[in-house]
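Structure first, then comments.
The values are calculated or read from the model by the stated rules, or taken from the named source; none is laboratory data. For clarity, every value in this text was computed on a predicted model and none was experimentally measured. Cβ placement follows ideal geometry from the backbone for every residue including glycine, while neighbour counts extend to all protein chains displayed. These area figures cover heavy atoms from the full protein model, side chains too; ligands, DNA and RNA do not enter into them. Shrake-Rupley method; radii C 1.70, N 1.55, O 1.52, S 1.80 Å.
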Amino acid sequence: MLRVRDGDGGAFEALVHRHQHAVYGTACRMLGDAAEAEDITQLTFLRIHRAAPKYRPTARFTTWMFAILRNLVFNETRRRKRHRGHVSLDAPAEFAGDSAPRELADPVQTGPDAEALQAELESQIQAALQALPEQQRLAMVLLRYEDMSYEQIAEVLGTSVPAVKSLIFRAREVLRVRLKKYLAATKGHMEG
Amino acid sequence: MGMDDFRSDPLWEVMGRARRPEPSPWLAGRIVAAARAEVSGPGRWGIGALWRWLALPAGVAAILLAVMVVSRPMHSDSAADSAQLYAALEAFADNAFEVDYLWSSDSF
């Protein structure tokens, strides 16, 4: 990032290649839409590029990058709420009315269509994440998929470590309910 | 409740079975191109900005002209009225010339 700050165009390209998967993956899991996730990823890197001349390495670069992404994603979810009105993507599952989980495919079933089962599992995980309020969702995505510590997540969210632990605790409760069929199968596997 | 506690939770394992979403192979190229375009682009004096600047004076001039033409007494064809109309048309032409000039100048 320091090379980007000093105007090295090649360094910016390398930085994009290095971090695009993390930024895009997080945006995709937060928004549940590939096209919007690509737009948000592009905006994140453009903001980094614009802010590069003033960049001071006071925090980890990835923490700063994810904080930029957080702002853009939260703005996007608020824009969606305004435009879609009654369809709240951030309402907890228990208040979502008719959005009860569909009957899940048996995850331990062994059949020829393993790819379909995998897609079904991923779809259920995504739906469960979408049922979380945005702060819980981002905390959970950063913890599970970006391997960030509670301290780093607290920096990204602009909150304290105990608050992050609380977010994660509540998110786990919701996800356990939404993914209980898969959890039961996993426990069965572990015991078997 | 610690992170290690979560890592031993079956939920951790189930969530880990989801593959990471992959961006399109052209995304990085598009981002780099957009960043380069921002650096070498026209900035705040782009065509869009120019149009926003010109829209208001051009609109006001058009409305003034329309009001003057409509409110002009039908029976009157005095030299004063003609001069007034001529002045309004001249102002409009000046405005259009200015637009032309800005379009052809190197400022954007």
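Looking across segment A:5-28, the residues that are surrounded by 20 or more Cβ atoms within 10 Å (Cβ to Cβ), facing chain B (nearest Cβ under 7 Å) and out of contact with any Ser or Thr (no Cβ under 6 Å at 6 or more places or on another chain) come down to A:12, A:16, A:20, A:25, A:28.
State yes or no: is residue A:63 surrounded by 14 or more Cβ atoms within 10 Å (Cβ to Cβ), of a type in the set (S, T, N, Q) and within 9 Å of chain B (Cβ to nearest Cβ)?
no
Looking only at residues of segment B:1-18 that are surrounded by 12 or more Cβ atoms within 10 Å (Cβ to Cβ) and among the acidic types (Asp, Glu), we find that the one that is modelled with the lowest pLDDT is B:9. Looking only at residues in segment A:38-48 that are within 7 Å of chain B (Cβ to nearest Cβ) and either over 21 Å from residue A:155 (Cα atoms) or aliphatic (A, V, I, L, M) (or both), the one that is surrounded by the fewest Cβ atoms within 10 Å (Cβ to Cβ) is A:46.
Check segment B:36-47 and report whether any residue there is in contact with a His (Cβ under 9 Å, 6 or more places away or on another chain), at pLDDT 90 or above, aliphatic (A, V, I, L, M) and assigned to a helix (DSSP H, G or I).
So in segment B:36-47, the residues in contact with a His (Cβ under 9 Å, 6 or more places away or on another chain) come out as B:38-39.
The next check asks that each one be at pLDDT 90 or above; those that pass are none.
The answer is no; no qualifying residue exists.
Of all the residues in segment A:141-179, those that are more than 10 Å from chain B (Cβ to nearest Cβ) and of a type in the set (S, T, N, Q) number 3. Among the residues of segment A:115-128, those identified as surrounded by fewer than 24 Cβ atoms within 10 Å (Cβ to Cβ) and within 12 Å of chain B (Cβ to nearest Cβ) are A:115, A:117, A:118, A:119, A:120, A:121, A:122, A:123, A:124, A:125, A:126, A:127.
Against the conditions (1) open to solvent by less than 80 Å² (accessible area, probe 1.4 Å); (2) outside any loop (DSSP other than H, G, I, E, B); (3) at pLDDT 75 or above, residue B:21 satisfies every one except (2). For the criterion of being within 11 Å of chain B (Cβ to nearest Cβ) and under 23 Å from residue A:75 (Cα atoms), residue A:182 fails. Would you pick out the residues in segment A:149-171 that are crowded, with 21+ Cβ neighbours inside 10 Å and touching a residue at least 60 places away in the same chain (Cβ under 8 Å)? Scanning segment A:149-171 gives a single hit, A:156.
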